[in-house]
Amino acid sequence: MFSLYYENNMVKPFKKHWTDAGYDIRSKIDIEIKPMQRAIIPTGLTMKIPYKHVGIIKERSSFAAKGIVVTGGVIDSEYRGEVRVIMLNLGEETLKIKAGDRIAQILIVPVLLHAEILLGKAEEDTERGTKGFGSTGVR
């Protein structure tokens with residue numbers, strides 16, 4: 001079971017719709033992030049992520065549309081410290097965040113913990129093979 005803990009002066013994390021994949025993460029502080037600046041924002045959240053799962057922090061689509069991205073964002077299952085969000089402003093305007101504003105979302109995703117590591121290259125045994133960027137077309 002995934003457990004999310006929040007400080008008593010913060011808004012309880014929630015999903016706007018029960019079908020949403022991520023829980024909203026809120027800022028613990030007021031902060032401004034100027035264009036081309038990065039900030040590490042405390043959230044007041046700690047969590048207990050189940051074994052064989054990981055928390056992935058992603059930007060909200062409304063921020064992404066303005067050029068605000070979340071970098072980093074992997075929370076391992078054994079981490080128990082405060083979750084902080086690393087935001088980078090690639091937009092043209094200063095981003096003003098108030099304490100309590102929703103700044104990101106966290107997804108809890110199952111992961112494989114072990115991989116077979118082999119010398120060489122992966123076989124090109126699929127229809128796609130090595131075709132990468134743009135190979136599936138623009139429409």
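Extension gain, Asp76 to Val109: 0.36 nm times the residue separation minus the Cα-Cα distance gives 10.8 nm.
All C-alpha pair distances within segment 33-85, sorted into 10 Å bins from zero, spread as 23, 48, 24, 6 percent across the bins.
Note on Ile117 and Arg60: the model spin-label points, each 7 Å out from Cα along the C-beta direction, lie 3.9 nm apart. Please go through the residue pairs Lys15/Lys52; Lys34/Lys96; Lys34/Lys66; Lys34/Lys58; Lys15/Lys58; Lys16/Lys58 and name each one whose alpha carbons sit more than 18 Å apart in this structure. Correct reply: Lys15/Lys52; Lys34/Lys58. Hydrodynamic analysis of segment 3-110 uses the Kirkwood radius over alpha carbon pairs. Inserted into Stokes-Einstein at 20 °C and 1.002 mPa s, it gives a translational diffusion coefficient of 152 µm²/s.
Surface composition of the chain: carbon and sulfur atoms hold 52% of the protein heavy-atom accessible area at a 1.4 Å probe. You can think of it this way: the chain between Ser135 and Phe14 has 39.7 nm of extra reach, that is 0.36 nm per residue less the Cα-Cα gap.
Taking amide hydrogens as placed 1.01 Å from N in the peptide plane, the amide H of Gly100 sits under 5 Å from those of Ser27, Lys28, Ile29, each at least 5 positions away in sequence or on another chain. For n ≥ 4 DSSP H runs only, could you compute -39500 (n - 2.57) per run for the chain, divide by its residues and tell me the 222 nm figure to the nearest 500? About -500 deg cm²/dmol.
The values are calculated or read from the model by the stated rules, or taken from the named source; none is laboratory data. Note that the coordinates shown come from a computational prediction; the quantities given were computed from them, not determined experimentally. Because the Cβ atoms are built from the backbone with ideal geometry, glycine has one as well, and the counts that use them run over all protein chains shown. Ligands, DNA and RNA are stripped out before the accessible areas are found, and what is left, the full protein with its side chains, is counted by its heavy atoms. Shrake-Rupley method; radii C 1.70, N 1.55, O 1.52, S 1.80 Å.
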